[in-house]
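Rule-based calculations on the coordinates, nothing more; no lab input. Because the structure is predicted, anything quoted here is derived from the model rather than measured.
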């Protein structure tokens, strides 16, 4: 498995994939600094638009490299096709972790430059939660790119993320979807509402005790989707 992950890094050496992982968080921080959005604004843009968009794009690029060769680089060699798919999921996961760490460090720099609103402990916890709760979009993105293309993948993930944010605080079933979890958990952790406004100190929202459970549920969804898409890809490889 380690060799397969290394192979993914080798394939992306001369592409924009690794560069995009750095550019996405820095661009988010830049536009918020430009518009005086500060730490709160940067976080809202990050988990609503830029992070789901980045996951979609880098996942799509991983698949498009293979798709352009009609998957011959995978299907023509005697290697475990399930392991290949899992390696792609893990590779993208590592890139997502790296990008979030860059964003986390950038948030601290923004706090020093424009005044600290988010404590370091909350910043670290928020990043860990975002990684865990958005991991499920990686197998979804890989799958959608195989079935359709990058445009559909990006549109679907960003669209669902926006729906998740809009459904916050509503009684709609949409608020129970995995896409709604990241923004909902940022409220008690960062004490920032999805609209960017601070949570009132007497609000019930800051006492949310379901952070661990909701994060675990989303991570379980990630594991289930990873396994299901792995089985699907293995069958696809056999049929081709």
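If contacts are Cα pairs under 8 angstrom and at least 6 residues apart, what is the relative contact order of region 89-169 in percent? Kindly include the intermediate steps, with their values, before the conclusion.
Numbers: 29 pairs, mean separation 22.6, N = 81.
The normalised contact order for region 89-169 reaches 28 percent.
Using only the Cα atoms of the chain, each taken as one equal point scatterer with no solvent, compute I(q) by the Debye sum, divide by I(0), and report log10 of the ratio at q = 0.12, 0.13, 0.16, 0.17 Å⁻¹.
-0.68, -0.78, -1.12, -1.24
Could you tell me how many degrees, from 0 to 90 and to the nearest 10, lie between the Cα long axis of helix 81-114 and the main elongation axis, the longest principal axis, of the Cα atoms of the chain?
So the inclination is approximately 30 degrees.
For region 124-200 and region 1-55, what is the separation of their C-alpha centers, rounded to whole Å?
Measuring centre to centre over Cα atoms gives 16 Å.
At a temperature of 10 °C and a viscosity of 1.306 mPa s, determine how fast region 155-231 diffuses translationally according to Stokes-Einstein, using the Kirkwood radius over alpha-carbon pairs as Rh; express D in µm²/s, rounded to the nearest whole number.
Working: Rh = 13.4 Å.
My calculation gives 118 µm²/s for D.
Helix 2-11 versus the longest principal axis of the chain: what is the Cα-based angle in degrees, 0 to 90, to the nearest 10?
Once rounded, the angle reads 90 degrees.
Given a cut-off of under 8 Å on Cα pairs at least six residues apart, what relative contact order in percent is computed for region 2-239? Write out the running numbers ahead of the final one.
Working: 276 pairs, mean separation 60.4, N = 238.
With pairs under 8 Å counted, the relative contact order is 25 percent.
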